[in-house]
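Visitor: Got a structure for you, written out below as structure tokens; questions coming shortly.
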Amino acid sequence: MNMLSKQEYVDFVKEKSPKSPMWRSMLAAFFVGGLICCVGEGVSDLLKLIFPAMTEEDVATWTTVVMIFAGSFLTAIGVYDKLGHFAGGGSIIPITGFANSVVSPAVEYNREGVFFGVCAKMFVIAGPIIVFGIVASVIVGIIGLFL
Amino acid sequence: MKAGKQSFYVDNPVYIRSAYTIVGPKEGESNFDGCFDLVLKNDLWGEKSFEKAESKMHREAIRGAVCLAGLNFDEIDMMLAGDLLNEISASSLAMRYFQVPFVGLYNACSTFSESILLGSALIDAGCARTVTCSTSSHFASAERQYRYPLELGNQRTPTSQWTVTGAGCTVLTANRPTREEDKRARESFEEKLTAMRTENMSNGVCGSEKEQEKGSEEANGKKIKHSNISEGAAKSAKTPFSFRKKEDDRVAPQCDKFYERTRLAKITGGTFGKVVDLGIEDESNMGGAMAPAAADTFFAHLEDTKSSPSDYDAIFTGDLGRFGKEAFEYILSKEGIKLCGTYTDCGASYFKPEQKTFQGGSGAGCVNTVFNGYILKKLENGTLRKVLVLATGALLNKDTPLQKETIPGISHAFVVETEDF
């Protein structure tokens, strides 16, 4: 196998391997992501309607809670992964996607027991997000202290 | 006898006595529908985890093949087996049930041809008379080990492949089977399989686990009396309200065990492959990583055996996938070799397009189930006379790509020919 150089082959693979259909992926992500956000808005409006005394901040918190529950529930009954196959980033970026990334390993590693299975592996995917979130909030907090 | 640098010929004949395959539901509906011996309806197969299910498939595939050969386990000298799980656990756990020396192998998805080559070499050298060669893979257990949890809503890349849920076993033997023997073995297959399971249990091999598998009402009363896995009719008759619908987990055998065998397949040689790495970094593009290895072994085989591609009725690569197949043909074309019509990739042709597997099948069970379920039958009924099988494997684990290693590939090739039965 002397006729083919390493670089030549890497270039061939780069050029010829099938690519994700860009427009289709982006459109699906745009619409599904938008839809999830619309549902979130709807939940927030409903909460305002049912509990008129609730402050704006509380409504936002409870909306988040409801959306996280919805994401976890759909993961548990095996719907969210199908949505994800279709929508990609559209269903990963919203908070429901975050719930999915925590619940799916928890479901998967249930068989290794509660301690080293569910609890330890729950953050396999969401771990970096949580770490970055906490670090960023600490930095912002420190900056805010001196401003 | 050694030939060239990497190849060998078998001096004493090594016959393929029997083969048995078990696949999951998706594979049962694939292009090879109707080729497999057993198709599961549920890929958990009544077990608590996918790993346990894979191990069970592996175990049952071995039992099936040995029964189909009309042999007993004390006539098996050695078992060569491997799979994709950590420390080849599916094979190791399956081997607890057999009192036979076990040789564990790992070469990723090319483990099957590795086991066939080593098995033939052992028989040829007189170290063993009869060996079993088995491998397995399971979509859910592989996905969990190498990629993400099943329920995670991510998109698979278009270069990704679908790990085949399947286990298969080939029995190689130095003794030439006669037609009568073969016929008798096939006729008494069901009976023998049931007897073998019962015997295994009364020996107390992994008794506790067996009890777990049994319905609770049975475990309380008479212990280990009749086989738990002989399920189906016997069990449902006994416990009409059983919630463990075991009989629903498998469908009736798909292929006809009595298909006409006019030819006898035998392994006549093979080529051990080198590890080849052309610098592919993307772990979801394993076809691209494995194609150079397949081509390397192919060239080595042609050179060592002084043969040309036209000497073979058919050439099969393992699980390069659709893109890998293209890459393989590209590398061959650079060397001025063109395969016309005789070349097939098992992985690329495994699934139907509507099954949405992108590049096709992969995994240690891919080339295994295709060979045992499809190619072997074609050989035995005389459609194919001489076949070269190049199983391919990508040698990576979950951590190596993260440590910025490129993906090495490997490929082992074996040659199957036939003679009059």
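The values are calculated or read from the model by the stated rules, or taken from the named source; none is laboratory data. Because the structure is a prediction, the values reported are computed rather than measured. Neighbour counts run over all protein chains shown; Cβ positions are idealised from the backbone, glycine included. The accessibility values were calculated without ligands, DNA or RNA, using every heavy atom of the protein model including side chains. Shrake-Rupley method; radii C 1.70, N 1.55, O 1.52, S 1.80 Å.
Visitor: How about the stretch B:95-137: which of its residues are open to solvent by less than 40 Å² (accessible area, probe 1.4 Å), more than 13 Å from B:I267 (Cβ to Cβ), touching a strand residue (DSSP E or B) at 6+ places or on another chain (Cβ under 7 Å) and of a type in the set (S, T, Y)?
Guide: B:S110, B:T111, B:T130, B:T132, B:S134, B:T135, B:S136, B:S137
Visitor: Against the condition surrounded by fewer than 19 Cβ atoms within 10 Å (Cβ to Cβ) and more than 12 Å from B:P149 (Cβ to Cβ), how does A:V124 come out, does it pass? If you could, list the steps in order and put the result at the bottom.
Guide: Working: surrounded by fewer than 19 Cβ atoms within 10 Å (Cβ to Cβ): yes; more than 12 Å from B:P149 (Cβ to Cβ): no.
Here the answer is no, as A:V124 does not meet what is asked.
Visitor: Moving on. Which residues, taken from the stretch B:103-152, are within 14 Å of chain A (Cβ to nearest Cβ), within 21 Å of B:T392 (Cβ to Cβ) and in a helix (DSSP H, G or I)?
Guide: Matches in the stretch B:103-152: B:F139, B:S141, B:A142, B:E143, B:Q145, B:Y146.
Visitor: Going by what's in this entry, would B:I280 be described as in a loop (DSSP other than H, G, I, E, B), within 14 Å of chain A (Cβ to nearest Cβ) and surrounded by 23 or more Cβ atoms within 10 Å (Cβ to Cβ)?
Guide: Taking the combined requirement at face value, the residue satisfies it.
Visitor: While we're looking at this one, here's another question. For residues that are among the β-branched types (V, I, T) and assigned to a helix (DSSP H, G or I), scanning just the stretch B:36-76, find the one that is farthest from the chain's Cα centre (by Cα).
Guide: Quick first cut of the stretch B:36-76, residues among the β-branched types (V, I, T) only: B:39, B:62, B:66, B:76.
Those still in the list that are assigned to a helix (DSSP H, G or I) too: B:62, B:66.
On the way: B:I62: 10, B:V66: 14 Å.
Within the stretch B:36-76, the match that is farthest from the chain's Cα centre (by Cα) is B:V66.
Visitor: Still on this structure: Can you tell me which residue among B:A167, B:A174 is crowded, with 18+ Cβ neighbours inside 10 Å, in contact (Cβ under 8 Å) with a residue 24 or more places away in the chain and under 17 Å from B:F73 (Cα atoms)?
Guide: So the residue among B:A167, B:A174 that is crowded, with 18+ Cβ neighbours inside 10 Å, in contact (Cβ under 8 Å) with a residue 24 or more places away in the chain and under 17 Å from B:F73 (Cα atoms) is B:A174.
Visitor: Also, quick follow-up: Examine the stretch A:53-61 for a residue that is touching a residue at least 12 places away in the same chain (Cβ under 8 Å), under 18 Å from the mean Cα position of the chain (by Cα) and open to solvent by less than 70 Å² (accessible area, probe 1.4 Å), and state whether such a residue exists. So that I can check it myself, show each step before the final result.
Guide: Looking only at the stretch A:53-61, we keep the residues that are touching a residue at least 12 places away in the same chain (Cβ under 8 Å), and these are A:59-60.
Within this subset, residues satisfying the condition of being under 18 Å from the mean Cα position of the chain (by Cα) are none.
For the stretch A:53-61, residues touching a residue at least 12 places away in the same chain (Cβ under 8 Å), under 18 Å from the mean Cα position of the chain (by Cα) and open to solvent by less than 70 Å² (accessible area, probe 1.4 Å): absent.
Visitor: Okay, moving on. Which residues, counting only those in the stretch B:368-394, are β-branched (V, I, T) and under 16 Å from the mean Cα position of the chain (by Cα)?
Guide: B:T369, B:V370, B:I375, B:V389, B:T392
Visitor: Considering each of A:V32, A:V65, A:V43 in turn, give the residue that is among the aliphatic types (A, V, I, L, M), touching a helix residue (DSSP H, G or I) at 6+ places or on another chain (Cβ under 7 Å) and away from chain B (no Cβ under 14 Å). So that I can check it myself, show each step before the final result.
Guide: Numbers: A:V32 fails: away from chain B (no Cβ under 14 Å); A:V65 fails: touching a helix residue (DSSP H, G or I) at 6+ places or on another chain (Cβ under 7 Å).
None of the other options fit; the residue is A:V43.
Visitor: Of the conditions (1) under 21 Å from the mean Cα position of the chain (by Cα); (2) open to solvent by 10 Å² or more (accessible area, probe 1.4 Å); (3) polar (S, T, N, Q); (4) at pLDDT 90 or above, B:N397 satisfies every one except a single condition; which number is it?
Guide: Status for B:N397: all satisfied but (4).
Visitor: The conditions are (1) within 8 Å of chain B (Cβ to nearest Cβ); (2) open to solvent by 60 Å² or more (accessible area, probe 1.4 Å); (3) closer than 30 Å to B:E329 by Cα, and A:V107 fails exactly one of them. Which is it?
Guide: (3)
Each row is one residue, and each column tells you yes or no for (1) buried (at least 16 other Cβ atoms within 10 Å of the Cβ); (2) aromatic (F, W, Y).
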{"position": "B:S310", "(1), (2)": "no, no"}
{"position": "B:A327", "(1), (2)": "yes, no"}
{"position": "B:C340", "(1), (2)": "no, no"}
{"position": "B:Y343", "(1), (2)": "yes, yes"}
{"position": "B:G347", "(1), (2)": "yes, no"}
{"position": "B:E354", "(1), (2)": "no, no"}
{"position": "B:F358", "(1), (2)": "yes, yes"}
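Visitor: Farther than 25 Å from B:Q359 by Cβ and at pLDDT below 55: which single residue out of B:I267, B:I224 fits that description?
Guide: Numbers: B:I267 fails: at pLDDT below 55.
Only one candidate qualifies: B:I224.
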